[in-house]
Amino acid sequence: MNFSVGDCIAHPMHGAGVIDRIEKRKINGAEKEYYVLKLPVGDMVVMIPRENSTAVGVRPIVEAETAEKIINAIPQIAVDVEPNWNKRYRENMLRIKSGDLLEVAAVVKGLMSRDSERGLSTGERKMLHSAKQILISEIVLAKRASYEEVEAILDAAMI
């Protein structure tokens, strides 16, 4: 799928942003085109090779109605209580990499629940932060809302 400057897209591991520009870079002797994605969270910039953006899972952001449905579905998400840290981490990473916002919301809810009960390891704390950024960044763009508004709505829905 080809995107243009100004398009709002989502990267499964970095979250959603707006294509600021498309630029050519010569790396290892080969010239490639890159989408330069500006993320609304943390003023981060991500460069995505245009030729394999689909294979990575880059997609258009969800519509505002879909974002609203995801927020409304969060209270019904069952929290995973996998006791094995390693297995839980791998499963959560696969959910995040899927690019499915509902799966990312499930990771956030599960880790937030675990944090309030037992606390999180450093690795899971980083994962929670990352998953929350991915979820919030896309909903911010879909609903044209502020980061703070979306974070408050999600925090309330996670209970």
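The values are calculated or read from the model by the stated rules, or taken from the named source; none is laboratory data. Everything numeric here is computed off the predicted structure, so don't read it as measured data. All Cβ positions, even for glycine, are placed from backbone atoms using ideal geometry, and neighbour counts span all protein chains on display. Just the protein is used for accessible areas: all its heavy atoms, side chains included, with ligands, DNA and RNA removed. Shrake-Rupley method; radii C 1.70, N 1.55, O 1.52, S 1.80 Å.
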(request) Just tell me the longest site-free run in the chain, where the sites are trypsin sites (Lys or Arg not before Pro) in a DSSP loop having at most 13 other beta-carbon atoms within 10 Å. (result) 1-117
(message) Strictly over 27 Å apart at the Cα level, which of LYS87/LYS143; LYS38/LYS97; LYS24/LYS69 would you flag in this model?
(response) LYS87/LYS143; LYS24/LYS69
(message) Assuming 0.36 nm per residue, please report the length gained on full extension of the stretch GLN76 to ARG144 beyond their Cα-Cα distance.
(response) 22.0 nm
(message) Using a 1.4 Å probe on the protein heavy atoms only, what accessible surface does MET127 show? Give it in Å² to the nearest 10.
(response) 10
(message) Viscosity 1.002 mPa s, temperature 20 °C: give me the Stokes-Einstein translational D for the range 91-159 in µm²/s, with Rh taken as the Kirkwood radius over C-alpha pairs.
(response) 176
(message) Relative contact order for the range 28-106: what percent, with Cα pairs under 8 Å and sequence separation of 6 or more?
(response) 21
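On the accessible surface of the chain, probed at 1.4 Å, how many percent belong to carbon and sulfur atoms?
Numbers: 4520 of 8780 Å².
For the chain, the apolar C and S fraction of the accessible surface comes to 52 percent.
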(request) Report the semi-axes of the equivalent ellipsoid for the range 1-57 in whole Å, largest first, where each axis is √(5λ) for an eigenvalue λ of the Cα gyration tensor. (result) 19, 12, 11
(message) Looking at the chain as a GNM with Cα springs under 10 Å, which of ALA131, ALA78, ALA105 has the largest mean-square fluctuation?
(response) ALA78
(request) Choose one of GLY57, ILE74, ILE27: the residue whose Cα lies farthest towards the positive end of the charge dipole of the chain (beta-carbon charges +1 Lys, Arg; -1 Asp, Glu; about the Cα centre). (result) ILE27
(request) Specify the residue with the greatest mean-square fluctuation among LEU39, LEU120, LEU111, computed from a Gaussian network of the chain linking alpha-carbon atoms under 10 Å apart. (result) LEU120
(request) Match the structure shown to one of the listed values (i) 163; (ii) 120; (iii) 131 of volume of the Cα convex hull per residue in Å³, computed from it, and give that label. (result) (ii)
(request) Would you calculate, for the chain, the mean residue ellipticity at 222 nm contributed by helices, counting each DSSP H stretch of 4 or more residues as -39,500 (n - 2.57) and dividing by all residues, to the nearest 500? (result) -15500 deg cm²/dmol
(request) Enter the accessible area per residue of the chain (Å², integer; probe 1.4 Å; all protein chains in place). (result) 55
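Can you tell me the relative contact order of the chain? Whole percent, Cα pairs under 8 Å, sequence separation 6 or more.
Values: 223 pairs, mean separation 39.7, N = 159.
Here the relative contact order equals 25 percent.
Using a 1.4 angstrom probe on the protein heavy atoms only, could you order THR66, THR54 from most to least accessible area?
The ordering from most to least exposed comes out as THR54, THR66.
At 27 Å minimum axial length over the Cα atoms and a Kyte-Doolittle cut of -1.0, report the qualifying DSSP H helices in the chain, or say none. Kindly include the intermediate steps, with their values, before the conclusion.
Details: long enough: 122-143 (31 Å, 0.09).
Span-like helices, by this rule, are 122-143.
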(request) Name the residue, out of PRO40, PRO83, PRO60, whose mean-square fluctuation peaks in a Gaussian network model built on the chain with Cα pairs under 10 Å. (result) PRO83
(request) Compute the relative contact order of the range 1-46 as a whole-number percentage, counting only Cα pairs closer than 8 Å that sit 6 or more residues apart in sequence. (result) 29
